[in-house]
Amino acid sequence: MSETGAKSDVTSSANARSEEVSSSSEAEHPDENLLLAAAYVYDAQYNRNIPFETSPQAVRLYYFYNHWAMQLATYLCIIVDLSLALFEEPAVYPLPFLVTAVVEVLCLMAFFGRLVHFSRVTPRRVFWKDTKNICVMVTIMLNLIDLIIYGALSIAYVHSVRWSRVLRPIYLVNFAESRQIRRAFRSIRNTLPEILYVLLLFLFSVLMFSLMALKLFGSRKLKTAEGEPYFENYLEGVFNLYVLVTTANSPDVMMPAYDYNWWYCIFFIAYIILNTYIFMSVFLAVVYNNYRKHLKNEIRKLAYMKRRKMMEAFGAVKVKEGSEFVVPEARWKHLVKLVAPDISNSHRELLLRVSADENTGHVGKESFMRLADLLNIKVITMKARMHPFESWMPYLYKSTLSRFIRRVVRHKGFVYAFDVIILVNAIFIALDDENPLISNAEWVFLGLYLVEILLKLYTYEPRTFFAKNQFWNWFDTFIIVAALVATIANAVLKSSSQYNSQQVLDIVFILRVLRLIRIIDSIQRFRVIVNTLINIVPTMLTFGGLILVIYYVFAIIGMEIFSGKIQFFPENSTDPLAQDCGAAALRGSAFAKGRYCRNNFNDIASTFIVLVELTVVNQWHVLATGFSLVTHPAAKLYFVAFHVVIVIMIINIFVAFILEAFFVEYSLEKSEVETAIEKKIQELGMAVQEGDSGSLVGNMENGDSDLRHFGEANQKGLMFRIASKRYRTVDALLQRMFEAEMPLEDEIPQMDEILNLSPNDLYIHNPNFNAAA
């Protein structure tokens, strides 16, 4: 699943093409050069490393390949293809085989078409050397072969296995749109050799302790609480001690020996200290350290590739000005408009003022190289508006009493006062609601919250207060209005003895509790933590996709092995095996006694629930033992393998990486390019302070605004603010995590040298630099 870039000859040809650009050629093919440069900048902005031909036709095909509709269609086909497991046997919602087969064939045709489109964009020699393209083609072929064989056998009424379904997640991983998931898999693959040594040492420890347990307890004919032999079978002992590492069967596994002689507890305590605490901690350290090392190397490659893309873009649009190559302002604006058509004219002019050299009318190479980073910074553009009351009733709105009210609302004491009211409200919610005093107090609190919202709307301009990025204002208003409506409805329904208003009352209770969430926005540290969690959502989604892939593979395998072995019966069932989950082998087992019959592999939905329970770990050994009883003792290996892959490896990586991302976000400093934009905004006198409680900032993009005359614009009330803790891409967050440890050289190595970078390379060994200028 490796990512393959363009080889140096492709890059050299692109450089040669850009070097031949002159004033006459630009006049002859201005759009082609701009389209090529825009493609490079767009790739750099989103850290996309798709090698493509530089001919005009290939560039246009590349734009079409990256169009949001094409990407959405690809993801839709992937989701549909994965969702077919809901309708195939064993099915949640059974459909005829012909229907699912037709849908799958259509999805495979879409995947093949996407692959053909990609082959028309990228150089042929690069396409056929790219592992992910080969994986997709082979998977399509195997899916078709399996589909034909299964269909033919079904016609002949011969049962067979749809073995190729386990390959479906390959589409999710190997299409270009899933580069974050692919990078995570690649980093895990590179980490496996280091993990293997710790895993082998850990398994050796478990095997050694199991052998000691066999010799210590096997000859004493001890019995478990269920009457089973105690450590008389070596493999069974290995499984029980492995379960003890997860603490799921503690202290049950120790009790027979402990009851026989309390000195035997030393054996189990030593085992837990060594394997549960020391080895699991070492696992976490080794997994995270090596994963972070390889991830850092991946991000270093991305940083080099981004600079190379920007050099290619500069080479496509540069002109010679004296002894230097530069990009004229008009051409720079046209390029930015192609790359980011949705940003306002004022935002675009602001970026130009940050990038352009003073009074020269052009953008130099060094400033141009920052364009992708500048576009990744979210700048909120807004135009200050007059309050409606100020225009309707200027004398009243500007009166002494009105100014005093607005000053009070803007004061921090106003916020603190309502924080106290929220806390008092929380106490009243916890008290007995049947008490008339408590019940009537609810109306008082609702009235106070309504007064608060009305005062804020009187103080702040309504369109700014309810701007699309003002989440907490929308949340507060919705909760208060909904609670008021629900409380009134509940009061009306209570007066009617013909209607049971319990459901409405439940809604009222929920809205009352949700109202307490408002305090998060009031306390600065709470707000920082919540915003940080929101900002690392893209990272969590990447790992969510990673876990989905592994879950899907284990789910398909689990259904093929365990489907139909365990059945669920309702409580009033008269089936003689109802209490034994439909299997006589489970009679008297902990699985049957625990009523785990719904935990089965009879369809994809039930299977995913079982896998979630296994991820939580508690009682996972009961599930493993139950399924081994209805199949074969070797079935426990399936559950052990799932625990090793998900709990020991993936979850450890997930937790450690989320912690790292949280720490970086929590203590984030502005980057150099953000500081440059902020300085320019400050110089122009058009800044809104990040923590100014009196300025409610809305994201009100004005496409007609222009900053060619900044003084005039400022008179119109045009203002800016940097939303510095927002990231458009996961890659932007990852690069921020490691950028301080990745000093980049002034010159960038060739693409094949970048792709061959090793985590142990502190610098490029004998680089063959190729300057774009």
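Things worth noting here:
- Rounded to the nearest 20, the size of the Cβ-charge dipole of the range 85-137 about its Cα centre is 600 debye, with Lys and Arg at +1 and Asp and Glu at -1.
- Ranked packing of 47-57, 609-619, 90-100, most packed first, by mean Cβ within 10 Å: 47-57, 609-619, 90-100
- With the simple spin-label model, which puts each label point 7 Å out from Cα in the Cβ direction, the residue 360 to residue 148 separation comes to 6.4 nm.
- Accessible surface, the range 556-633, averaged per residue in Å² (probe 1.4 Å): 48 Å²
- Theoretical FRET efficiency, 1/(1+(r/R0)^6), r = Cβ-Cβ of residue 262 and residue 641, R0 35 Å, to 0.05: 0.45
- For the range 35-114, with +1 on Lys and Arg beta carbons and -1 on Asp and Glu, the positive-most of 36, 110, 94 along the dipole: 36
- Accessible-area composition of the range 575-639, carbon plus sulfur, in percent [1.4 Å probe]: 61 percent
- Applying 0.36 nm per residue to the separation of residue 478 and residue 212 and subtracting their alpha-carbon distance, the gain on full extension is 89.4 nm.
- In terms of its Cα atoms, the range 532-613 spans 54, 27, 20 Å along the principal axes, sorted from long to short.
- Peptides 179-192, 140-153 ranked from most to least packed, by the mean per-residue count of other Cβ atoms within 10 Å: 179-192, 140-153.
- Solvent-accessible area, 1.4 Å probe, carbon plus sulfur percent, for the range 196-303: 67 percent
- Spin-label pair residue 91-residue 612: with each label point 7 Å from Cα along the Cα-Cβ axis, the two points sit 2.4 nm from one another.
- Zone residues, the range 553-587, relative to residue 161, backbone N less than 18 Å from point 7 Å out along Cα-to-Cβ: 553-566
- Computed lengthening from residue 189 to residue 320, 0.36 nm per intervening residue step minus Cα-Cα distance: 42.5 nm
- In plain terms, the chain from residue 424 to residue 70 could stretch by 122.1 nm, reckoned as 0.36 nm per residue minus the Cα-Cα distance.
- Too-long pairs where the Cα-Cα distance tops 30 Å, listed order kept, from 378/456; 296/365; 378/398: 378/398
- Percent breakdown of C-alpha pair distances by 10 Å bin, ordered from the shortest bin, for the range 125-264: 10, 23, 16, 18, 21, 11, 2, 0
- Pairwise FRET efficiency - residue 273 versus residue 228, Cβ, R0 = 22 Å, nearest 0.05: 0.25
- Accessible surface, the range 241-339, averaged per residue in Å² (probe 1.4 Å): 41 Å²
- Residues in the range 32-76 reached by a label modelled at residue 337 [backbone nitrogen below 15 Å; 7 Å Cα→Cβ]: 32, 34-35, 38
The values are calculated or read from the model by the stated rules, or taken from the named source; none is laboratory data. Keep in mind that this is a model prediction, so the values were computed, not measured. Note that each Cβ is placed from the backbone with ideal geometry, even for glycine, and that neighbours are counted across all protein chains shown. Side chains are part of the model used for accessible areas, which takes the heavy atoms of the whole protein and leaves out ligands, DNA and RNA. Shrake-Rupley method; radii C 1.70, N 1.55, O 1.52, S 1.80 Å.
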